[in-house]
Amino acid sequence: MRRAIGAGWTPAVLAVGLVLGVALPAGGESPRRGGAYQFSLGPSDPPSLDPAHVTDTTSHAVVSELFDGLVEFDPQMRVRPAIAERWEIAADGRTYRFFLRKGVRFQNGREVSAEDFRYSFLRVLDPKTKSERTWILDRLEGATDFLGGKTADVQGIRVRDRYTLELRLGERFPPFLALLAYPAAMVVPREAVEQAGADFSTRPVGTGPFRLTEWRRDDRLVLTANPDYFRGRPHLDRIVFRIIPEDLTRLQEFKAGTLHHSDVPAGLYQSIVADPALRGRLHSQSILGIQAVRLNVEVPPFAGNRKLRQAFNHAVDKEAFARVIMEGRVKPAAGILPPGMPGYSGGLAGYPFDRARAGQLLAEAGFPEGKGLPPLALHYNTSLTNRRLAEFVQAQLAEVGVKVELAALDWPAYLKLVDAGQTQMHRMGWIADYPDPENFLTVLFHSRNIGARGNTSRYRNPEVDALLDRADRTMGEAERVRLYQQAERRIVEDAPWIFLNYYSTDLLVHPAVRNLLEQLSPMDSSPTVSLVQMRLVWLAE
């Protein structure tokens, strides 16, 4: 049974940008068992393997192989059963009853029950856990009081019997079922969490198709097949997640056959397209994501100075950025909602490149030709692409008299700084957790989500908050779209970000790989391919 809250909100499948000669599995092939699948997570270790603390695609890629939730997404971004074999939604739209599969076991051998989900959800909401993703569950009836320490329980979580869990919302919220596919809603065993304590992040125990058997920091994580997985043993024996900081090293390893898939290094896309040995292995597609330079609107000089933020937007040539730095692989962004997301209209004007207008706004903001502005810090997480992005923005702002200093950090340290609000400007991308505009607009711009919850530009606007609250509660599709679009226009006018580009993803795939591309969804990005179920991938070698 597949039901998505809010009929008609199943998003349009994005058009594939390019598919260049990748060989699909021949019909009639039977999956082979065995082999170790190797790919790189990128330049840094995942910050956390505890589902309660996953906030990034790197961690998500590993955690999704170790844990399961009630539901998950299929490649068309529809919600489908996982541990819940079916569910019912009451006529009031607030009560969800989940019927669990019998015989699902944690990797310690114990069977999963409805009580385990109750424990897992209360753990995420418990202030002592300090989960960054309480918003996944805080719409449950009584959750706000529990979060505030006013009650010892959440009345919206009820165990009806060993295999039946009932969740009740404080008020209707159409995307709720999709939220339950997020890592924070995955089930964890109480005894393993209490035994490991803070080390649960490095000693995870889930129900997933693979279990963590090795983690060498800054080198690799090894996952081994779980023979007792409730949906059958994976085809692969192991997954080896490599940590490879240098983009070019990842490409060389792919060419040497030691990685089964890889991303495309900055500056090499066109050469790969022209390379007869590589272009047949390249797969490219649009995805639901956006990249921006986020401006911290709580600190000088951006606090209370919308004209300065608008000036920065006009000063950066997004068309040139997309064409030169991103090699024509992405679309310049005029707003927040990416193409393919419900609510995207393509009608926003955004901030066209206009250096004269930028200069005028700078003067009106109190900084003519940049005079009076101290050097500003732009933080980014380490990678060649991100460095090129930062250097491009730095050069563009220098043209209007603004001096920018660059600072690079590895991913975990970077997230910590950004979440704490200790940057002036920082690069950040966002890939959809679920295909709903709420996941972009409410999560990233509502004032209650400032910090690690998603709003790292620390933007607050009561008018926008009210619009988003109304949109989140509205059941009618057309009215929801109208409200979200109204909120998006207001946010873009306030310019808390320098809107750069909507995302695409490029993947080099080894010819022996089977059933990877077929699973890619518009919520997957390379190289992590977070939503692909590796248990279904196999190697014809």
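Residues in region 509-528 that are of a type outside the set (Asp, Glu), within 21 Å of the chain's Cα centre (by Cα) and not in a loop (DSSP other than H, G, I, E, B): LEU517, GLN519. Listed by position, the strands (runs of 3 or more DSSP E) enclosed by region 95-198 that each have at least 1 residues that are open to solvent by 10 Å² or more (accessible area, probe 1.4 Å) and out of contact with any Lys or Arg (no Cβ under 8 Å at 6 or more places or on another chain) are 157-161. For region 426-442, the criterion of being over 18 Å from the mean Cα position of the chain (by Cα) and among the polar types (S, T, N, Q) is met by no residue. Please tell me if LEU221 is modelled with pLDDT of 95 or more, in contact with a helix residue (DSSP H, G or I) (Cβ under 9 Å, 6 or more places away or on another chain), under 25 Å from ALA322 (Cα atoms) and not aromatic (Phe, Trp, Tyr). No; evaluated as a whole, the condition is false for this residue. Looking at region 481-538, which of the residues that are free of Cβ contacts under 8 Å to residues at least 40 places away in the same chain and open to solvent by less than 10 Å² (accessible area, probe 1.4 Å) is nearest to ASN296 (Cα to Cα)? Filtering region 481-538 for residues that are free of Cβ contacts under 8 Å to residues at least 40 places away in the same chain and open to solvent by less than 10 Å² (accessible area, probe 1.4 Å), the one nearest to ASN296 (Cα to Cα) comes out as LEU483.
Only one of the numbered conditions (1) closer than 30 Å to PHE176 by Cβ; (2) modelled with pLDDT of 50 or more; (3) in contact with a helix residue (DSSP H, G or I) (Cβ under 6 Å, 6 or more places away or on another chain) is not met by ILE5, and that is (2).
Within region 397-408, the set of residues being open to solvent by 10 Å² or more (accessible area, probe 1.4 Å) and touching a Lys or Arg at 6+ places or on another chain (Cβ under 9 Å) comprises GLU399, VAL400, GLY401, LEU406, ALA408.
Considered as a group, the residues in region 216-234 that are in a strand (DSSP E or B) and open to solvent by less than 50 Å² (accessible area, probe 1.4 Å) include one that is farthest from LEU41 (Cα to Cα), and that residue is ALA225. Within the set ALA303, ALA266, ALA334, the sole residue that is within 27 Å of LEU378 (Cβ to Cβ), surrounded by 18 or more Cβ atoms within 10 Å (Cβ to Cβ) and among the small types (Gly, Ala, Ser) turns out to be ALA266. Looking at this structure, is ALA303 outside any loop (DSSP other than H, G, I, E, B), more than 15 Å from LEU251 (Cα to Cα) and of a type in the set (A, V, I, L, M)? Taking the combined requirement at face value, the residue does not satisfy it. The criterion of being part of a helix (DSSP H, G or I), open to solvent by 40 Å² or more (accessible area, probe 1.4 Å), under 28 Å from GLN270 (Cα atoms) and at pLDDT 95 or above holds for GLN394. Yes or no: ARG460 part of a loop (DSSP other than H, G, I, E, B), open to solvent by 10 Å² or more (accessible area, probe 1.4 Å) and on the phi < 0 side of the Ramachandran plot? Yes.
The values are calculated or read from the model by the stated rules, or taken from the named source; none is laboratory data. Quantities reported herein were computed from a predicted structural model and do not represent experimental measurements. No Cβ is skipped: glycine too gets one built from the backbone with ideal geometry, and neighbour counts run over all protein chains shown. Heavy atoms of the whole protein, side chains included, go into the accessibility calculation; ligands, DNA and RNA do not. Shrake-Rupley method; radii C 1.70, N 1.55, O 1.52, S 1.80 Å.
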